[in-house]
Structures are given as structure tokens and as C-alpha cells.
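Written below as C-alpha cells is the structure these notes are about.
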Amino acid sequence: MNILLAEDDAILSDALSSQLREAGFEVEHAPNGAVAEYLLLKQTYDLAVLDLGLPMVDGLTVLKRVRAAKPTLPVLVLTALDSLDDRVAGLNAGADDYLTKPFDFPELEARLRALLRRTRPAGTALEMGQLSFDRDTRRAMLGTELLELSPREWMLLDLLLTQRDRVVTKEQINQAWATDRSEAPGGNNSIEVYIHRLRRKLEGSGLAIRTVRGLGYLLEAELAGA
Ligand code: CA
């Protein structure tokens, strides 16, 4: 597993590089945003760890440019402060996960391994709880029953499933819906209406859509008996 670590703090990046190598990863280090962008666009990595506060080109800009060229590259962003704005901006720019400094190395390692598991390609049908979701045949099943979804509900569920265990922001939902002409455009209220409808359709499926206040929504497996 080949990681690009973009971090300008020399002490932190030295420590992280050696810990990551000990954990079995290959690591390349970029000390600023310009080098990070150059390497990420030129080389192939399994994963990127990207500090948002980078000199020359800031981490968010790097992320946006790289995301456009490499939509499937898993990216974990590091934020200096526990700032909601930074996290939201990072998620909106296409980060798959974030970690707030300071953090313990075992937490970083656990998140990187989870990211790698999540982004590895599987079969065409996504399975979660009772739900089977097949993009090729455009069919969603709950157990043995066909789940009827409107185009927007389909897109919403697709997004939630793709980012399972990660927050989907309202901005991401609006982006996913931007190309859809099947229903009249609406603001944030209509997202809430669709979330509500989808929740009702998923009742009894073992899946729950959790509202993360100020951030967005998260699809997760319900605990047994909950
Ligand atoms: Ca920094």
C-alpha cells in the first residue's frame, strides 16, 4: 500500500512517515501543496493523507484539483483545529474522511485501513443490511421485495450507500440532483422531505439514516433490537 503524506510540519511528518512504514505502508512525503499536487497527479497512490494547512498551495485547493483528475483516490484530510467549517469544506471538496490534530497514530492507522477496505472494488450489487442495490440493473431489493424508488430517491440512496459510514452533505446531495430534471428543483427543505421518505421506505431493513447536525446524513446499520 502506497501512501502520499502531504504535511508541512517536519516533526509530525517524520514521525508519521516512520510509523506508517512500521505499519507496512510505503510512504512518500510532500512538504507543501505544490509538491503534493504534482505527485498526486503524476504518480499512482492507494491513498493520500492531506494536511489542509499547507504552504504554496493550500490543502483544499490540492484536494479539489486532484479530485477532478482522480475521482476514486481515497483521501483523508488532517485539520489543525476542531473546526466544523474545515471539516465541511474538506468533505465537500471530496475528502473521504478527516482527522483533527492532535491525534494518536493508532486512530490514523485504523481509519486508513477502513478507507482502503471501503474503496476496494466489490461486485456490482451493493449489499447492506437487508438491502441489495444494483446499479447495472437499476434495481433495489429489500430482502426479496422490490424497493420502489423515484429517480431522486435512487440518487440519494446511491450517494448514502457509496459513502456508507461517512457523512453525506446537503451540498453533495444537491450536486447529485443537479442533473435530474424529473422533479422540480427545491432547497434544503426538499432534501429533508426526501430523507423522510427514504427513511420510511427503509423501515425494517436494518438500515438507518442518521442526521448529523450541521453536517448532513449518514447511512448506518441499526443495532440489533434497537
Ligand atoms: Ca500544516
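Leu126 meets all of the listed conditions (1) within 16 Å of Leu219 (Cβ to Cβ); (2) part of a helix (DSSP H, G or I) but one, namely (2). For the structure I just gave you, tell me whether Leu160 is assigned by TED's automatic domain parsing to the domain that holds Leu215, modelled with pLDDT of 85 or more and of a type outside the set (Ser, Thr, Tyr). In short, yes.
Taken over region 1-59, the criterion of being of a type outside the set (A, V, I, L, M, F, W, C), away from the ligand (no atom under 15 Å from the Cβ), in contact (Cβ under 8 Å) with a residue 60 or more places away in the chain and under 17 Å from Glu107 (Cβ atoms) is satisfied by Gln19 alone.
The values are calculated or read from the model by the stated rules, or taken from the named source; none is laboratory data. Computed from a prediction, not measured in an experiment: that's the story for all the values here. Note that we place each Cβ from the backbone using ideal geometry, even for glycine, and neighbour counts take in every protein chain shown.
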